[in-house]
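First up is the structure itself, then whatever we jot down about it.
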Amino acid sequence: MQPSEVWGERWNANPNPLARRWMETVVDKQSMVVLAADRYTMAGLTELLEDVSPHVAALKTHVDLVEDWTAESWAEFCEKAKDADMLIFEDRKHGDIGKIARDQMGGVYDSRSWADLMTAHLISGPSVLDGMAEGWSNVGRHGGVLLLAQMSSAGNLLEIPGYTDAVVDAGKEHPACFGFIGNGSRANELAELRKKVGEVKMIWTPGVNLVTGDAELGQRYGDPTEAVLAGSDGIIVGSGIHRSDNPTEAAKSYADVSWNALLQRSGL
Ligand code: S5P
């Protein structure tokens, strides 16, 4: 199958190379799964990646969760993910002023050198997007920012009226914005977000699990099929895969549900 068949105008009209890369990988792997690789050791992460990589289209990391992190082991891990055709997405949730966000992409972890995508809150204003674009450009790379427009956790303050709209308005116009994080646990709110975002920018959704409902420490889960039908372009799945007794099978199940939902959404 070709990306244009599955994504239609979303593919044909999209000028952003990272967005096109994502849409292509989804079709190649028949999976919209963004793996939230929330494990705490390099061995645990590497084992997970090896178990699931055929069914996962992007790798989301929290680099500061890793207890035995070294620059060498991380470089090797990222290389494995790239070889398996995954975009690497550091879920840093930047939120400082532009110049500090830019410089926080250097430092010990040097995320600007290995992450293709990164999250940010827009709480400090649009300079965070300019700063992050500079961060990548300082090492000769282009990356994309996913702005948090909604969150999956109960009681989050992004729900205060007006906030999501302001984030979408700023992100839609900014070339460094790859897309938005939407809340996968509330399909109706996600559908509203999709209307505001339009067709060009991506929406990726955490808070999805085959077992729905309230979870640990305020996390909420919705059904991945409903999330995709409501407009999600990538389902972020963590414990549903990495805490499963059989991560390979779990990853395949999430890949299948997401792919079937995408085909249904596209009328195929
Ligand atoms: O609103 C959010 C935004 C994010 S990026 N809610 C989230 O849960 N996330 C991230 O998605 C979170 O940091 C974690 O890495 C992942 C969800 O993991 P799970 O185990 O609950 O599926």
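Observations
- Among the residues making up region 45-97, a single one is under 17 Å from Ile241 (Cα atoms) and without any contact (Cβ under 8 Å) to a residue 24 or more places away in the chain: Glu47.
- Any hit, region 226-243, residues being closer than 22 Å to Leu48 by Cα and without any contact (Cβ under 8 Å) to a residue 40 or more places away in the chain: yes
- Residues of region 258-268 classified as surrounded by fewer than 22 Cβ atoms within 10 Å (Cβ to Cβ), assigned to a helix (DSSP H, G or I) and of a type in the set (A, V, I, L, M), total: 2
- Total residues in region 1-11 satisfying the condition of being closer than 22 Å to Gly171 by Cβ and either among the β-branched types (Val, Ile, Thr) or surrounded by 18 or more Cβ atoms within 10 Å (Cβ to Cβ) (or both): the figure is 2.
- Cross-chain or 6+ apart pairs with Cβ under 7 Å, region 103-131 first and more than 21 Å from Ala19 (Cβ to Cβ), then open to solvent by 20 Å² or more (accessible area, probe 1.4 Å) and among the hydrophobic types (A, V, I, L, M, F, W, C): Ser113/Val139; Ser124/Ile97; Ser127/Ile97
- Qualifying positions in region 12-66 - open to solvent by 70 Å² or more (accessible area, probe 1.4 Å), under 21 Å from Val228 (Cβ atoms) and in contact with a helix residue (DSSP H, G or I) (Cβ under 8 Å, 6 or more places away or on another chain): Asn12, Arg20, Glu24, Gln30, Pro54
The values are calculated or read from the model by the stated rules, or taken from the named source; none is laboratory data. Bear in mind that the values here come from a model prediction, so they are computed numbers and not experimental data. With ideal geometry, Cβ positions are generated from the backbone for all residues, glycine too; neighbour counts draw on all protein chains shown. Ligands, DNA and RNA are stripped out before the accessible areas are found, and what is left, the full protein with its side chains, is counted by its heavy atoms. Shrake-Rupley method; radii C 1.70, N 1.55, O 1.52, S 1.80 Å.
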